[in-house]
Structures are given as C-alpha cells and as structure tokens.
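Throughout, read-outs are computed from the coordinates displayed, never taken from laboratory work. None of the values given here were measured: they were computed from a predicted structure. Because the Cβ atoms are built from the backbone with ideal geometry, glycine has one as well, and the counts that use them run over all protein chains shown.
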Amino acid sequence: MIASKVIEDLKSRFPNEPEYIQAVSEVLGSIEEEYNKHPEFEKANLVERLCIPDRIVSFRVTWTDDQGKVRTNMGYRIQHNNAIGPYKGGVRFHASVNQSILKFLAFEQTFKNSLTTLPMGGAKGGSDFSPRGKSNAEVMRFCQAFMLELTRHIGPELDVPAGDIGVGGREVGFMFGMYKKLTRDFSGTFTGKGREFGGSLIRPEATGYGNIYFLKEMLKTRGMDLKGKKVLISGSGNVAQYTAEKVLQEGGIVMTMSDSDGYVYDPDGIDREKLDFIMELKNLYRGRIREYAEKYPGVKYVAGARPWGEKADIATPCATQNELNGDDAKTLLANGIIAVSEGANMPSTPEAIEAFQAAKILYCPGKASNAGGVSVSGLEMSQNAQHLSWTAAEVDAKLLQIMQSIHSDCVKYGTEPDGYINYVKGANVAGFMKVAKAMMAQGLV
Ligand code: NDP
Ligand code: 2IT
C-alpha cells in the first residue's frame, strides 16, 4: 500500500467528504509501515475494504413541530465494519451533520472500539436535526420519527447505537421507547439508557473520566500528575462536564469551558460548586455558557472564540471536530502547554497534530483518550445480556483498567527510537491490527 495513492483515489471517489478523507489520511499515514510488513493484507485489498463502510443507510425523517408545520430532516446510519463484533457507535443530532462527518466518525469508531478490548464493530448515525431551541415534545416527536426508520437496521447483536453531540439521556430514552414499541422487544439495543431501564452506572461519566484516566497515564510517563495543573476545557456538554469533574477530583484547576457561542475564563478556577451550576444550566435549563460569566464576578466571557489563547499546562478539547487548528497549537505551545488529551473526536487539525508532535509534548488522539465512553457502553451491553447490573465502583474499576490497557498498547506500538511516544501511531496500529486479523480470518465478505 502506498498511503498517498490510496488517499488520492479515495479523494477522487468521494470528492465532497473532507472530514472522512482527513480521518482516513491520519490512519493510513501511520499504519503504512506496519501494513506493508504483511503482503497478505495487500493481496486481500484490506486497505480499501477497511476504509469504505460496509453499508450506508440514509433516509428522510418527517415530523411535526409545535406550530403544526410538517418538517423534514435527513437521517443516517453508517455501518462501517463488524469484523470484531456487532456494529456499535453513537448517534449525533446537530445542524452540521452530513455523510462526510458520519463517515469519519464511523471510521474512527472502528479503530477506537478495537482498542477497548471489547467485541464491538464500528458505526455512527445521526441527523441534521438540532435539539437546540426545540421543545421537549418536538424532540420526542423527532426521535420517534427517526426510529420509525432506524429500527429496522439495528438490534442487540446487529447494531447498538448510543449518544453523541445533541443526543444524551433524554434522546436515548425517547429512541429506546419507540424501538421497544415497534419491536415488542426489551433488549440492549441502545446504550446510555436511563439507569432505571438497563443503563449502566458510570456511562454518563465514562468518556470524561476515561479521558482523564488516560491523561494521568500520559503524565506518569514523565513523572508528573494533575495536582495544581491548569486545564483548558472546550465544550460544556457531556464529555466536557465529566472531564472537568475528574480534573477537580485529581487536584487540577479548570480554567475554561465553552459552547458554540463562546468561552468563559475563570481566573479562580471552576470549582465543584461552580461546575454544579454549569451542569444544571446545561442539562436542566439548556442555557448558554455566557450565563456563567453573568453569575460569577471576575469571569471573562469571550464571544465567538475558543479557549486556546489562554495560558495553561494542559488542554483538553471536548466539543467537536477541527476546533483546534495549527495557529491555536502554536499559541498553546508558546504558552508552555505540556499535554493535550482529546475528549472530542478529531478536534485537532492535521497542522495542530504536527505542531504538537514536533514539539514532543504529550498528545493523544481521541480514538484512544475518549474510548472510555464506548467502553462502558460495551460493559452496558454485557450487563444487559446477563440481565444484571454492576455497581458504580465495579464499572469504574473496569473503565480504569481499560484506559490503562489502551495506554499500554499505545506505548507498545507507538514508542519511537528516541523514546518519544507517538500516541497517534500507537493507537492506529494497535486498533488496526486486531480488525485486520479478524477480517483476514473471515475471508472476502
Ligand atoms: P454534547 O452535545 O453533550 O456537548 C457538545 C458540546 O460541544 C456543547 O458544549 C456544544 O455547544 C459544543 N459544540 C458542539 N458543536 C460545536 C461546534 N460546531 N462548535 C463549537 N462548539 C460546539 O456532546 P458530547 O459532550 O457528547 O460530545 C462532545 C464531543 O465528544 C464530540 O466530538 C463527540 O463525538 C465526542 N465523544 C462523545 C462521547 C460520548 O459518550 N458522548 C464519546 C466519545 C467522544 P452548544 O451547546 O452550543 O451546541
Ligand atoms: O464517539 C463515541 O465513542 C461515542 N459517541 C460513544 C459511542 C457509544 O456507542 O457509546
């Protein structure tokens, strides 16, 4: 395989899918050397079979808003690869959703799920519907309409969706309810369910907690920990909130959080009580982060910007793809950043990754550092299949163990001759090898 040739070919076949090409380019660039040690992979054209999804389902979703107007949105499910287990991955509801974004997410999910040590293939779905500004009843009607189509493509051993941007406990509840009504089956077909109906304890916390467990492992390789470290967090949704919670538990100082309108910088740090305010503001009232600056004196609110210009020790982007570019990376480095751990999927642009790696700081891609969410989803599937539930402490201990094992894999496959750990290479090679071996064993299917 010559990675650049495969990428050029994919670009000409899928010319309007920049995010998909970006994700594929990152992976192929780092697995090329390992792949070429196995001529049998090339003979089976494994590379194309791994890059192109098994199946793309797209459909129209028709629903009625509170004014009685009939509305339409697009719905999608990308079933990327099921070599190592049933398709598994989140559902995103956001106005920006399109096929390219979901293809990049499903591709990433395949490698991420492989890293978790659990038997899960990769998928992603979603819609260009945005829950922002919609009433509860509108969100319910939309979720039900979305499920009228999605239901026929999923199942506990076939494809198990979960949350992502714009899809939290409320949306999963509505979708699971409609799935159950249509199939008459109470099965573990969704993860991230409410704890009263089969949801795993610690699933809401899992992505953020896992992100910080991973960061701790990275810091340990340089004899450091989080105590007293200043941390920049972007986003204020699920991943950002529980990333902040774990940073506080580890003695770090949370300087910023954000939403799509701007960011807040709190010179005194966002402490436990202030984080509770943000959680309530975002989860209960669906408010804006600007309101934090209105409540607490001395807090700076910067509209239309991201927090990367602020001085800190650690940055963890937890909002969305391509939210941290090459210039941001240069600013962070000039301000003395020592580690970047991605809570979001592909938040750093290729230029930013290059800058972090050239400066040899600790940098980990989302497919490793944010794998805690899908890991606990996998644990939720196990609990559902056994019709039992584990305690929060049991699930948290398993999550920690999984994040530590992903870190070890990154060290194993990503350590360079000078000792620098290339987490991008480590995660991609480790994730790839397991899927590749499974695909080879299963023949041309
Ligand atoms: P939420 O919807 O809970 O929160 C998303 C946050 O990011 C909000 O603060 C939102 O602001 C902000 N945001 C969303 N889109 C944009 C944008 N285009 N520009 C700026 N800010 C934006 O989502 P999650 O916390 O679940 O997901 C965040 C990231 O983590 C995503 O990349 C997701 O793929 C990834 N992830 C999520 C996992 C999970 O378990 N939920 C697991 C692994 C990764 P606003 O409120 O203004 O929209
Ligand atoms: O990107 C992700 O890993 C998720 N949104 C979570 C997927 C899942 O199935 O829990």
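Observations, loosely collected:
- The length gained by stretching the chain between GLU32 and SER130 to full extension, at 0.36 nm per residue less their Cα-Cα distance, is 31.5 nm.
- Amide H contacts of GLY89: ALA123, VAL160, ALA162, each under 5 Å away and 5 or more positions distant or on a separate chain (H built 1.01 Å from N in the peptide plane; Pro and chain starts excluded).
- Cβ-to-Cβ counts within 10 Å put GLU34, GLU42 in ascending order as GLU42, GLU34, the fewest first.
- For region 92-216, the dipole from Cβ point charges (+1 on Lys and Arg, -1 on Asp and Glu) about the Cα centre works out to 160 debye, to the nearest 20.
- Pairs from the table (LYS220/LYS437; LYS246/LYS425; LYS220/LYS434; LYS88/LYS193; LYS180/LYS434; LYS193/LYS398) lying more than 22 angstrom apart at Cα are LYS220/LYS437; LYS246/LYS425; LYS220/LYS434; LYS180/LYS434.
- Helix-only CD estimate at 222 nm, as mean residue ellipticity for the chain, using -39500 (n - 2.57) per DSSP H run (n ≥ 4): -15000 deg cm²/dmol
- Structural descriptor for region 353-423: relative contact order 35 percent, calculated from alpha carbon pairs under 8 angstrom and at least 6 residues apart.
- Among residues other than ALA315 with Cβ under 12 Å from its Cβ, the summed charge is -1 (Lys and Arg +1, Asp and Glu -1).
- Relative contact order of the chain, defined on C-alpha pairs under 8 angstrom at six or more residues apart (%): 15
- Among the chymotrypsin sites (Phe, Trp or Tyr not before Pro) within region 159-258, those in coil by DSSP and having at most 15 neighbouring Cβ atoms inside 10 Å are PHE186.
- In the chain, a dipole from Cβ-located charges (positive for Lys and Arg, negative for Asp and Glu) runs towards its positive end, and of GLY414, ILE52, VAL172 it is VAL172 whose Cα lies farthest in that direction.
- For region 75-163, the antiparallel share of DSSP beta bridges with both residues in that region comes to about 50%.
- Excluding exposed DSSP-loop trypsin sites (Lys or Arg not before Pro) (at most 10 other C-beta within 10 Å), longest clean stretch of the chain: 228-445
- Anisotropy class of region 386-445 from Cα gyration tensor, a/c 1.5 cut: oblate
- A Förster radius of 45 Å, combined with the Cβ-Cβ distance separating ARG13 from ALA393, puts the computed FRET efficiency at roughly 0.40.
- Placing unit charges on the Cβ atoms of the charged side chains and taking the dipole of the chain about its Cα centre, the candidate lying farthest along the positive direction among GLY228, PHE93, LEU333 is PHE93.
- Here's the picture: charge each Lys and Arg Cβ at +1 and each Asp and Glu Cβ at -1 in the chain, and of ALA145, LEU324, VAL445 the one pushed furthest to the positive end of that dipole is ALA145.
- Rounded to the nearest 20 debye, dipole of the chain from Cβ charges on Lys, Arg, Asp, Glu: 820
- Among residues other than MET381 with Cβ under 10 Å from its Cβ, the summed charge is -1 (Lys and Arg +1, Asp and Glu -1).
- Among VAL231, VAL411, sorting on how many other beta-carbon atoms sit within 10 Å of each Cβ, with the fewest leading, yields VAL411, VAL231.
- Each DSSP beta bridge with both residues in the chain is either parallel or antiparallel, and the antiparallel ones are about 55%.
- Mean Kyte hydropathy of 0.5 or more with a Cα span along the axis of at least 20 Å, helices from DSSP in the chain: 136-150, 423-441
- Here LEU332, LEU158, LEU275 are placed in order of increasing Cβ neighbour count within 10 Å, fewest first, which gives LEU158, LEU275, LEU332.
- Choice from GLY326, GLY90, GLY125 showing the highest fluctuation, given a GNM over the chain with Cα pairs closer than 10 Å: GLY326
- The magnitude of the dipole of region 21-89, with charges of +1 and -1 set on the Cβ of Lys/Arg and Asp/Glu and taken from the Cα centre, is near 520 debye.
- Here the Karplus relation 6.51 cos²θ - 1.76 cosθ + 1.60, evaluated at θ = phi - 60°, turns the backbone of region 65-72 into coupling constants of 7, 5, 8, x, 7, 7, 10, 10 Hz, with x for every Gly and Pro.
- Rounded, prolate or oblate (a/c below 1.5 giving rounded, otherwise prolate when a/b exceeds b/c) for region 50-146 by Cα gyration tensor: prolate
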